Amino acid sequence: MAAVGAGRIAILISGRGSNMQALLEACERGALPARVCLVLSNRADAEGLAIARQGGVETACIAHGDYPDREAFDTALVLRLQQARPDLVILAGFMRILTPVFITPFAGRLLNIHPSLLPKYPGLNTHQRALDAGDSEAGSTVHFVTPELDGGPPVLQARAPILPDDTADALAERVITLEHEIYPLAALWFLQGRLTLNEQGAFLDGQKIPASGIPYRPQDAVRHDAADRGQQRIG
Ligand code: GRF
């Protein structure tokens, strides 16, 4: 396993920031050997910004409405992020469509989490769509970001059962709990140098990750010091 350094993570949010909080907590516990160097939002009233500030984390707001088009907004994001010198950029409920102006400078170190079993249900209202389709399972996927919306190579996928009489809200609650486990784990793999992206796709420990991502195993959760955990192998 690659030596673990204190990586720098920048997190982009638009709302409540519960995934951001899970990442911050994993850093505080020492389970994720990293420092959140910036939390950036496009909304000044994002609840997560206040939480980050209370935790002593540097924050910034770049309001998309202040820019004439997506490219100008993305340029401002890139400039602010580059000041923070992140090793890894994490989208955590950042509700803007990003252009190559943003994605290209961070290609290969840009992750997103999407609340569906990708490639199913890219876009919005994922839980309702899963219920409407009569699916028996829902879930969430961490994936590398490429210019295709919710279409970059999956890394890690957690599944949750859909229960009789489920509502989209109940399902969302079940899924978000899993998101708080899989995002720190994917960040850990990345900062350990185990998770990479190239033209062939996403790789963990040099092995190609399957098209639906690595199935999440709860025993791999980033709960303890990294040294206490076994390494996950693919397949
Ligand atoms: C999560 O459902 C995530 O999958 C999606 O946006 C939501 C963010 O929630 N990308 P939170 O702000 O982290 O609580």
When the charge dipole of the range 86-188 is computed with +1 on Lys and Arg Cβ and -1 on Asp and Glu Cβ about the Cα centre, the Cα farthest towards its positive end, among F106, F144, P119, belongs to F106
Magnitude of the Cβ-charge dipole (Lys and Arg +1, Asp and Glu -1) of the range 1-147 about the Cα centre, nearest 20 debye, reported as 280
Within the range 119-144, the residues whose backbone N lies under 16 Å from a label point placed 7 Å from the Cα of I97 along the Cα-to-Cβ direction are 122-125
Of every hundred units of 1.4 Å-probe accessible area on the chain, the number belonging to carbon and sulfur atoms, as a percent, is 51
Honestly the chain on the Cα gyration tensor test (a ≥ b ≥ c root eigenvalues; a/c under 1.5 rounded, otherwise a/b vs b/c for prolate or oblate) is just rounded
In Å², rounded to a whole number, the accessible area per residue of the chain with probe 1.4 Å is 46
Rounded to the nearest 500, the 222 nm mean residue ellipticity computed for the chain from DSSP H runs (n ≥ 4, each -39500 (n - 2.57)) alone is -9000 deg cm²/dmol
Candidate span helices, the chain: DSSP H, at least 18 Å along axis from Cα coords, Kyte-Doolittle average at least -0.5, result 70-84, 168-191
For K120, the net charge from surrounding residues (Cβ-Cβ under 13 Å; K, R +1; D, E -1) works out to -2
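The values are calculated or read from the model by the stated rules, or taken from the named source; none is laboratory data. Given the structure is predicted, the values throughout are model-derived calculations rather than measurements. FYI the Cβ positions are ideal-geometry reconstructions off the backbone, even for glycines, and counts take in every protein chain you see. Side chains included, ligands, DNA and RNA excluded: accessible areas come from the protein's heavy atoms. Shrake-Rupley method; radii C 1.70, N 1.55, O 1.52, S 1.80 Å.
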